[in-house]
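Engineer: Here you go, one structure.
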Amino acid sequence: MDEPNLDAMDLMLSGESGTGTQIAAEIIAALAKVFDANGFVSIKSSQISGVSFKNIGEAGLEFLESLRAGGARSRVMATLNPCGLDLDAWQELGFSESFYLNQKRVIDAYGGLGIDATCTCTPYLWENCPGFGEHVAWSESSAISYVNSVIGAKTNREGGPAALAAALTGYTGNYGLHLDENRVPGVIVNINCPVESYFDFGTIGLMLGKQIGKDVPFITGLDSNVCTPENLRQLGAAMAASGAVALYHVEEVTPEARVMAALIKNGDITPSTIEIDAIEGMKDALPANMEGDGGAPIDLVFLGCPHYSRQEVLDVLEQLRGKDLKATIWIATARRFKQELLEDAQAMADLDPRVKIISDTCIVVCPIDELGITSVVTNSGKAFFYLENNEHLAVLYRDTNTCIDAAISGIVAITGEEGLHAQD
Ligand code: F3S
């Protein structure tokens with residue numbers, strides 16, 4: 001662990017480094033005081049949420065601009081979460097010019113602070129990947145879960161302003177998940193049923209998040225052969241959405257699991273236990289006029305929450321090649337991967353124009369109600385969790401193959417609560 005660097009923080013708090021940095025230091029110091037931190041710890045990187053103009057509005061923009069006017073600048077690698085639209089293809093996707101111009105002001109304000117406009121929630125796939133044991137200050141709950149659990153880096157579940165303040169100072173308070181004693185499991189989850197597909201991992205994640213809240217689970221019973229990075233990403237994103245799980249351990253899979261298993265075996269810790277005997281189906285979220293036995297007509301199929309890797313996008317393109325589509329499909333990924341794919345004639349050959357590889361945004365943070373979309377099917381537990389309360393939308397949660405079939409047919413059978421355990 002790094003030694004607390006009080007001199008550096010004192011200097012920033014004094015205003016010697018400018019008023020922008022002083023404001024950031026005050027945020028970090030206030031949080032450290034609230035959480036009774038053991039001093040401060042220097043960080044390697046930051047991932048900053050709160051980027052969509054839809055969410056931060058003029059007030060957030062003014063805050064960013066005040067930091068920039070005060071001379072603040074990121075002191076570590078700092079990357080941005082998705083914003084409210086695709087910065088290149090916003091017109092093609094139907095976003096308004098006024099929203100684009102406001103979103104661009106937000107991106108420019110972050111750029112003025114030295115924050116990279118990566119606009120992806122999976123920066124660890126390329127731009128910003130911390131190492132095991134490194135301290136970071138990340139917001140974006142799915143990314144926090146991934147770097148803590150699958151990589152073994154250390155971050156608390158930061159809000160966007162706190163992650164930004166950490167980037168501008170290079171420090172965060174030394175409390176919570178930065179301390180090894182807080183990374184031990186409080187609950188053992190024994191999974192006694194098959195969990196095999198991306199969809200299964202997302203559904204189990206939704207179930208566990210609701211039961212666990214913000215506790216740290218030690219999960220047993222998962223087949224290590226299906227604990228791929230993609231499936232673990234889906235599990236963590238869903239647990240972080242329906243609960244507030246920032247760290248999980250999977251027996252014989254994740255990097256800290258062996259140490260945690262020994263603590264449990266030796267009786268050094270005594271977590272409670274949850275048994276999971278079946279995967280529960282998630283009820284379709286349908287407007288009243290769509291209840292019934294018929295299928296739901298689909299406007300938009302959404303894949304890529306969290307943002308897909310290049311290979312995941314390619315796998316979907318392969319399934320869509322040569323097919324005529326009746327619904328638009330958005331496949332969300334990082335801008336770098338999108339650009340590489342759009343320049344790859346073989347990858348893009350023989351695809352219906354309704355196939356849209358999108359970057360910089362996602363269905364949750366974009367102003368979806370302004371796009372005239374009334375029905376969505378997604379394979380993401382997290383996206384389903386956030387969209388199902390939108391009273392203007394019919395929202396269905398299905399496995400990847402059913403989503404792809406929906407893009408082709410333009411319809412999804414309404415199955416209600418049953419029959420959702422499917423193979424990807
Ligand atoms: Fe990423 Fe948006 Fe999902 S930010 S994790 S694609 S809700």
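Engineer: Does Ile331 satisfy the criteria of being without any contact (Cβ under 8 Å) to a residue 40 or more places away in the chain, within 13 Å of the ligand (Cβ to nearest atom) and not assigned by TED's automatic domain parsing to the domain that holds Tyr100?
Structural biologist: Judged against the criteria, Ile331 is a match.
Engineer: Here are some residues: Ile358, Ile404. Which one is over 21 Å from Ser242 (Cα atoms), outside any loop (DSSP other than H, G, I, E, B) and within 16 Å of the ligand (Cβ to nearest atom)?
Structural biologist: Matching residue, one of Ile358, Ile404: Ile358.
Engineer: Out of segment 145-173, which residues are buried (at least 24 other Cβ atoms within 10 Å of the Cβ) and either in contact with a Pro (Cβ under 7 Å, 6 or more places away or on another chain) or among the acidic types (Asp, Glu) (or both)?
Structural biologist: Selection gives Val147, Ala153, Glu158.
Engineer: So, one more: Out of curiosity, is Tyr198 assigned by TED's automatic domain parsing to the domain that holds Ser45, buried (at least 22 other Cβ atoms within 10 Å of the Cβ) and either of a type in the set (Ser, Thr, Tyr) or within 18 Å of the chain's Cα centre (by Cα) (or both)?
Structural biologist: Here the answer is no, as Tyr198 does not meet what is asked.
Engineer: Let me ask another. Return only the number of the condition from (1) more than 19 Å from Gly205 (Cβ to Cβ); (2) within 16 Å of the ligand (Cβ to nearest atom); (3) open to solvent by 60 Å² or more (accessible area, probe 1.4 Å) that Ala413 does not satisfy.
Structural biologist: (2)
Engineer: To continue, here is another question. Among Gly133, Gly114, which is free of Cβ contacts under 8 Å to residues at least 40 places away in the same chain, assigned to a loop (DSSP other than H, G, I, E, B), small (Gly, Ala, Ser) and more than 15 Å from the ligand (Cβ to nearest atom)?
Structural biologist: Answer to the check: Gly133.
Engineer: Quick check on this structure: which one of Gln339, Gln346 is among the polar types (S, T, N, Q), surrounded by 13 or more Cβ atoms within 10 Å (Cβ to Cβ) and more than 16 Å from the ligand (Cβ to nearest atom)?
Structural biologist: Gln339
Engineer: Go through (1) touching a Lys or Arg at 6+ places or on another chain (Cβ under 9 Å); (2) open to solvent by less than 50 Å² (accessible area, probe 1.4 Å); (3) closer than 16 Å to Ala407 by Cα; (4) away from the ligand (no atom under 14 Å from the Cβ) and name the single condition Thr378 misses.
Structural biologist: Single failed check for Thr378: (4).
Engineer: Just checking, does segment 102-118 include any residue being among the hydroxyl-bearing types (Ser, Thr, Tyr) and under 21 Å from the mean Cα position of the chain (by Cα)?
Structural biologist: The answer is yes; a qualifying residue exists.
Results for (1) buried (at least 24 other Cβ atoms within 10 Å of the Cβ); (2) over 30 Å from Leu303 (Cβ atoms), shown as yes or no for each residue.
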{"position": "Gln22", "(1), (2)": "no, yes"}
{"position": "Asp36", "(1), (2)": "no, yes"}
{"position": "Ile107", "(1), (2)": "no, no"}
{"position": "Tyr110", "(1), (2)": "yes, no"}
{"position": "Cys129", "(1), (2)": "no, no"}
{"position": "Gly133", "(1), (2)": "no, yes"}
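Engineer: What pairs can you find where one residue is in segment 219-237 and not assigned by TED's automatic domain parsing to the domain that holds Ser139, the other is away from the ligand (no atom under 16 Å from the Cβ) and open to solvent by 50 Å² or more (accessible area, probe 1.4 Å), and their Cβ atoms are less than 7 Å apart, with a gap of 6+ or different chains?
Structural biologist: Once the first residue is not assigned by TED's automatic domain parsing to the domain that holds Ser139 and sits in segment 219-237, its partners that are away from the ligand (no atom under 16 Å from the Cβ) and open to solvent by 50 Å² or more (accessible area, probe 1.4 Å) give Ile219/Glu251; Thr220/Glu251; Gly221/Asn192; Ser224/Glu252; Val226/Glu196.
Engineer: Within the group Ala241, Ala246, Ala143, which residue is in a loop (DSSP other than H, G, I, E, B) and within 21 Å of His307 (Cβ to Cβ)?
Structural biologist: Ala246
Engineer: Give the residues of segment 90-103 that are buried (at least 16 other Cβ atoms within 10 Å of the Cβ) and either without any contact (Cβ under 8 Å) to a residue 12 or more places away in the chain or touching a Phe, Trp or Tyr at 6+ places or on another chain (Cβ under 9 Å) (or both), sorted by residue number.
Structural biologist: Trp90, Leu93, Phe99, Tyr100, Asn102, Gln103
Engineer: Turning to a different aspect of this structure: Scan segment 207-214 and give yes if some residue there is assigned to a loop (DSSP other than H, G, I, E, B) and modelled with pLDDT of 95 or more, otherwise no.
Structural biologist: yes
Engineer: Further question on the same structure: Among the residues of segment 44-78, write down those that are within 16 Å of the ligand (Cβ to nearest atom), open to solvent by 10 Å² or more (accessible area, probe 1.4 Å) and β-branched (Val, Ile, Thr).
Structural biologist: Result: Ile56, single match.
The values are calculated or read from the model by the stated rules, or taken from the named source; none is laboratory data. No experiment lies behind these values; they were computed from the predicted model shown. Glycine also receives a Cβ, built like all others from the backbone with ideal geometry; neighbour counts cover every protein chain displayed. All accessible areas refer to the heavy atoms of the entire protein, side chains included, with ligands and DNA or RNA removed. Shrake-Rupley method; radii C 1.70, N 1.55, O 1.52, S 1.80 Å.
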